[in-house]
Amino acid sequence: MLKGKPTIDMRTKLLLACIFLLAALLRFYNINWDNGNLFHPDERNIANAVSTITLFSQMDPKFYAYGGFLIYLYKFSADILAILLNNPAIAHDWGWINVIGRSYSAFFSVMTIFPLYFLAAKVFNKRVGLLACLIYALTVSSIQTAHFSTTENLLTLITVLITYLSILLFEKPSGKLAVIIGVILGIGIATKTTGVIFFLSPMVSLGITYYKNTVPRLKTISYSITMGICAFLIFSSFSPFTFLNWTKFIESMRYEYGVVLGTNKVVFTLQFMHTLPYIFHIKNLFWQLGLFAAIALIGTILGIWHAIKKREIPYVLFLSFPVIYFLYIGSWYTKFNRYAVPLLP
């Protein structure tokens, strides 16, 4: 059975605060490590998209590989910083925009610690919660991606938060919780279109609720619809040019999926020729997590056993996203480590 609402005593608060500070130090340290040279192609694309926007007269980023949420967030922050420092060039300078983006990336990575603690404490106990947070704070791949102005860390934060809220939704379904989850889902999809996979956890939660009939089934359906509507409205608000420039968006998605699936061979994915599906990501997990990867793999196997053999719902809710997400990305031809970052917590 699921534990009640995790309580935080003073000792736990102090330990969490220490882990938080450690994670922040490791992620914010040397944030401008390349001195503004933007070696990462995605960082250049994002910085270019941000620099071409003018709030609120020219809002089309003309870059659709990612959604508009982070692009607009970076632009708004760059404009505010330009006013505060009395330096208009900041709003269009790629180096400044990149540092702003990396700062947000580090911030999202550090903030993941809090929902991670509550999630682990909810399904297991406080000690597991603290251990999970400490391991995540020290995870090499998480620290690395926090130093890049890309989407992975916000998507990881959303992944953990949605999983935790989905468990609460199963325990006590409500319209309010459905709205909150819908809003967060909308932000996730507006960050990267593939964020639509985040619907997995809440839909599994509501699916079990519907099957068990713990609340009237009509209410369960209404919660699903409410969640979907909220997600669509938020997504549309932060990525309006998905629809306003639909042709270009579809063209971009076809190209990106062609690269991911290997039907569109490009020079930077030739490294994945002859790599094995799933095995490649599992092998690299030991570079991303270090020796903690062994614990992660054993724990996942035991968790799946509990979910299938013993039909323990907490494990079903806890593992539904990571297992299905791994089965999804593990089959791709293109296997960049950053695709697996949402699995690390």
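Please go through segment 60-80 and give me each residue that is assigned to a loop (DSSP other than H, G, I, E, B) and under 14 Å from HIS92 (Cα atoms), ordered by number. Steps first, please.
Narrowing segment 60-80 to residues assigned to a loop (DSSP other than H, G, I, E, B): 60-68.
Within segment 60-80, PRO61 is the sole residue that qualifies.
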| query | Is one or more of the residues making up segment 305-327 within 17 Å of the chain's Cα centre (by Cα), among the β-branched types (Val, Ile, Thr), open to solvent by 30 Å² or more (accessible area, probe 1.4 Å) and at pLDDT 90 or above? | reply | yes
| message | For the list (1) within 25 Å of ILE113 (Cβ to Cβ); (2) in a helix (DSSP H, G or I), I need the number of the one condition that SER51 fails. | response | (1)
| request: With the checklist (1) in contact with a helix residue (DSSP H, G or I) (Cβ under 6 Å, 6 or more places away or on another chain); (2) modelled with pLDDT under 95; (3) not aliphatic (A, V, I, L, M) in hand, flag the one item PHE124 doesn't pass. | output: (1)
| said: Between a residue in segment 59-80 that is farther than 13 Å from VAL99 by Cα and any residue that is among the basic types (Lys, Arg) and part of a helix (DSSP H, G or I), which pairs come within a Cβ distance under 8 Å, given they are 6 or more apart or on different chains? | reply: LYS62/LYS248; TYR64/LYS248
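Being open to solvent by less than 70 Å² (accessible area, probe 1.4 Å) and assigned to a helix (DSSP H, G or I) narrows it down to one residue among ARG11, ARG27, ARG44; which is it?
Numbers: ARG11 fails: open to solvent by less than 70 Å² (accessible area, probe 1.4 Å); ARG44 fails: open to solvent by less than 70 Å² (accessible area, probe 1.4 Å).
Just a single option satisfies the conditions, and that option is ARG27.
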| task | Among the numbered conditions (1) of a type outside the set (Val, Ile, Thr); (2) in contact (Cβ under 8 Å) with a residue 40 or more places away in the chain; (3) farther than 30 Å from ALA65 by Cβ, tell me where PRO202 comes up short. | result | (3)
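One line per residue, one yes/no per condition, for (1) among the polar types (S, T, N, Q); (2) open to solvent by 10 Å² or more (accessible area, probe 1.4 Å):
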site: TYR164; (1), (2): no, yes
site: ILE167; (1), (2): no, no
site: ILE180; (1), (2): no, yes
site: GLY186; (1), (2): no, no
site: THR191; (1), (2): yes, no
site: ILE197; (1), (2): no, yes
site: LEU200; (1), (2): no, yes
| task | Say whether the condition of being in a loop (DSSP other than H, G, I, E, B) and either open to solvent by less than 10 Å² (accessible area, probe 1.4 Å) or free of Cβ contacts under 8 Å to residues at least 12 places away in the same chain (or both) is met by at least one residue in segment 96-106. | result | no
| query | Is there a residue in segment 114-125 that is within 27 Å of TYR257 (Cβ to Cβ), touching a Pro at 6+ places or on another chain (Cβ under 6 Å) and surrounded by 20 or more Cβ atoms within 10 Å (Cβ to Cβ)? | reply | no
| So, of the residues in segment 228-252 that are among the hydrophobic types (A, V, I, L, M, F, W, C) and under 19 Å from the mean Cα position of the chain (by Cα), which turns out to be most open to solvent (accessible area, probe 1.4 Å)? | PHE232
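Out of curiosity, is GLY258 out of contact with any strand residue (DSSP E or B) (no Cβ under 6 Å at 6 or more places or on another chain), surrounded by fewer than 16 Cβ atoms within 10 Å (Cβ to Cβ) and at pLDDT 95 or above? Even if it seems obvious, please write down each step before you answer.
Numbers: out of contact with any strand residue (DSSP E or B) (no Cβ under 6 Å at 6 or more places or on another chain): yes; surrounded by fewer than 16 Cβ atoms within 10 Å (Cβ to Cβ): yes; at pLDDT 95 or above: yes.
Yes.
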| request: Within segment 148-155, identify whether any single residue is buried (at least 19 other Cβ atoms within 10 Å of the Cβ), more than 23 Å from PHE199 (Cβ to Cβ) and in contact (Cβ under 8 Å) with a residue 12 or more places away in the chain, and answer yes or no. | output: yes
| field | Residues located in segment 133-144, provided they are touching a residue at least 24 places away in the same chain (Cβ under 8 Å) and surrounded by fewer than 21 Cβ atoms within 10 Å (Cβ to Cβ) | value | LEU134, ILE135, LEU138, VAL140, SER141, ILE143
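The values are calculated or read from the model by the stated rules, or taken from the named source; none is laboratory data. Note that the coordinates shown come from a computational prediction; the quantities given were computed from them, not determined experimentally. Cβ atoms come from the backbone with ideal geometry, glycine included; neighbour counts cover every protein chain shown. Just so you know, the surface numbers come from the protein's heavy atoms only, side chains and all, with ligands and any DNA or RNA stripped out. Shrake-Rupley method; radii C 1.70, N 1.55, O 1.52, S 1.80 Å.
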